[in-house]
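Note sheet for the following structure.
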Amino acid sequence: MLTNAREIELDPVPDLPPPNWYTDPDDESQYRYWDGSVWTDHRAPRLAEEAGNRLRPAGDVLRGSFSLMRRQRRGSAVAIVAWVLSYAVVVLSFLFSADDILMGELGEIWSRVSEPGFDATTADNEAYFESLEFNFTVQNLAVLVVGLLISWIAGLFASATVSILAVSDLRGLRLRMSEVLRRALTKVPRLVGVNFQVLMIGLVALAVIVVPSLVAPALLLLLIPFFIAFFFLSMTVVSLAYIFAAVGPAGSSLRYAFRLVRGRFWGVLGRMLLVLLVAMAVSFVTGMVVGLATAALGAFWWVSQVANSLVSFFFAVLITIATAIIYHDLGGESE
């Protein structure tokens, strides 16, 4: 018989999920069976079965992009403004650095080249340009570097904002703009990481071709298929990786994007190329019209530059939305 027995308190055992098929924590493209206590070795394809995951026709992607942009016009406008401001920062930092590098002669150079009938071969102009001195110091270049960095971060922030808005809209969620901006800001480091990954992969692949070509110059011909392949992958895998980095859970963005396009690479590429070609065609026509209009009205050159920039950023938003639609159709995850 026990005496003076003390009551022992045990930590409660946390409730475990019931037995069922869940997303494999090691591979999001698979289901894995959980028996109630441990993961089993039973797996089944996941992404290919969710909601059919059928890619909508290319025309529907384009129409859906315009429609979603119209519904989310407020958020789209915020992204465009962010891109415009980033562009302005680059221009101002470039002008500031250029004036310092040219030792305060930038204004004089501009007044000369902007004169009607400017001729660089005249004796006066030749003497002036030959007399110019340059001051390439770290301090002068630092302003340009900082401006480029700010512009880069602002562009990633704008891209994340559009991605979050688009995927939320496609899934029937209505987020406050403040929440969208907060999420977008937290996703910028992930997008920076994707940028560096793509850059390093591209540099390594390029080195693999260029270094052997020092011995056999004929290998430089491989640069043509390299740049074609890099462009195609940028249009598909890299674009989808940016969407995942902006809206998805923690994980390798590039690896996840590769799994998404597996078996449907050409379908994704065709849809992205259609959106890109339409954007380029409309931007080209708009640029010509704006240029002719400003020339006829005698408007300042910067008016056409601003107008063309707004058109370019409009289509940057459109392309991001189109990529988000394809991401959604492929069964991409979001937080």
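The values are calculated or read from the model by the stated rules, or taken from the named source; none is laboratory data. Since the model is a prediction, treat every value here as computed from it, not as a measurement. Reconstructed Cβ throughout: ideal geometry from the backbone, glycine too, with neighbour counts over all protein chains shown. These area figures cover heavy atoms from the full protein model, side chains too; ligands, DNA and RNA do not enter into them. Shrake-Rupley method; radii C 1.70, N 1.55, O 1.52, S 1.80 Å.
Suppose all protein chains stay in the model; what accessible area per residue would a 1.4 Å probe give for region 262-311, in Å²?
64 Å²
Determine the shape class of the chain: with a ≥ b ≥ c the square roots of the Cα gyration tensor eigenvalues, call it rounded for a/c under 1.5, and otherwise prolate if a/b is greater than b/c, oblate otherwise.
It is prolate, given that a/c is not under 1.5 and a/b is the larger ratio.
Below 8 Å between Cα atoms, with a sequence gap of 6+, how large is the relative contact order for the chain in percent?
Across the chain, relative contact order equals 23 percent.
What does the charge add up to near GLY267, with Lys and Arg as +1, Asp and Glu as -1, over the other residues with Cβ less than 14 Å from its Cβ?
+3
Using the Cα centre of region 217-335 as the reference point, and only Cβ charges (+1 on K/R, -1 on D/E), how large is the resulting charge dipole? Debye, rounded to the nearest 20.
Values: 5 positive and 3 negative charges, 55 e Å.
Computed about the Cα centre, the dipole is about 260 debye.
Modelled label-to-label distance, LEU95 and SER178, 7 Å Cα→beta-carbon offset: nm?
The two pseudo-label positions are separated by 3.6 nm.
Between GLU108, GLU179, GLU130, where does the largest GNM mean-square fluctuation fall for the chain, given springs only between Cα atoms within less than 10 Å?
Maximum fluctuation in the GNM of the chain, among the listed residues, is at GLU130.
Do any trypsin sites (Lys or Arg not before Pro) in region 48-123 lie in a DSSP loop with no more than 16 other beta carbon atoms within 10 Å, and if so, which?
Sites meeting the loop and neighbour criteria: ARG54.
So how far, in whole Å, is the C-alpha centre of region 317-335 from the one of region 85-148?
With region 317-335 and region 85-148 each reduced to a Cα centre, they are spaced 42 Å.
Within a Cβ distance under 9 Å of ALA245, other residues only, what is the Lys/Arg minus Asp/Glu net charge?
Residues close to ALA245 contribute a combined charge of +2.
If you filter region 125-203 for trypsin sites (Lys or Arg not before Pro), then keep DSSP loop positions with at most 11 other Cβ within 10 Å, what is left? Each step should come with its number before you reach the end.
Numbers: sites: ARG171, ARG174, ARG176, ARG182, ARG183, LYS187, ARG190; in loops: ARG171, ARG174, ARG176.
Qualifying residues, ordered by number: ARG171, ARG174, ARG176.
For every other residue with a beta carbon closer than 13 angstrom to the beta carbon of ARG190, add +1 if it is Lys or Arg and -1 if Asp or Glu, then tell me the sum.
+1
Which whole-Hz couplings ³J(HN,Hα) result when phi for each residue of region 147-158 is put into the Karplus expression 6.51 cos²θ - 1.76 cosθ + 1.60, θ = phi - 60°, listed in order with x for Gly and Pro?
Values, residue by residue: x, 5, 5, 4, 4, 4, 5, 5, x, 5, 4, 5 Hz.
Do the sum for the chain: with -39,500 (n - 2.57) for every DSSP H run of n ≥ 4, divided by all residues, what is the mean residue ellipticity at 222 nm, to the nearest 500 deg cm²/dmol?
Counting only the DSSP helices, I get -22500 deg cm²/dmol.
Of VAL143, VAL38, VAL238, which is the most mobile in a GNM of the chain whose springs link Cα atoms less than 10 angstrom apart?
In this elastic network of the chain, the residue with the biggest mean-square fluctuation among VAL143, VAL38, VAL238 is VAL38.
Using the Karplus equation 6.51 cos²θ - 1.76 cosθ + 1.60 (θ = phi - 60°), what ³J(HN,Hα) coupling, rounded to whole Hz, does each residue of region 168-175 give in order, writing x for Gly and Pro?
So the Karplus estimates, Gly and Pro as x, are 4, 4, 5, 9, x, 9, 10, 9 Hz.
Report, in debye and to the nearest 20, how large the dipole of the chain comes out about its Cα centre when Lys and Arg carry +1 and Asp and Glu carry -1 on their Cβ. Intermediate values should be presented prior to the final figure.
Numbers: 24 positive and 28 negative charges, 298 e Å.
Rounded to the nearest 20 debye, it is 1440 debye.
I need the phi-derived Karplus couplings for region 55-65: 6.51 cos²θ - 1.76 cosθ + 1.60, θ = phi - 60°, integer Hz, Gly and Pro marked x.
6, 5, x, 4, x, 5, 4, 5, 5, x, 5
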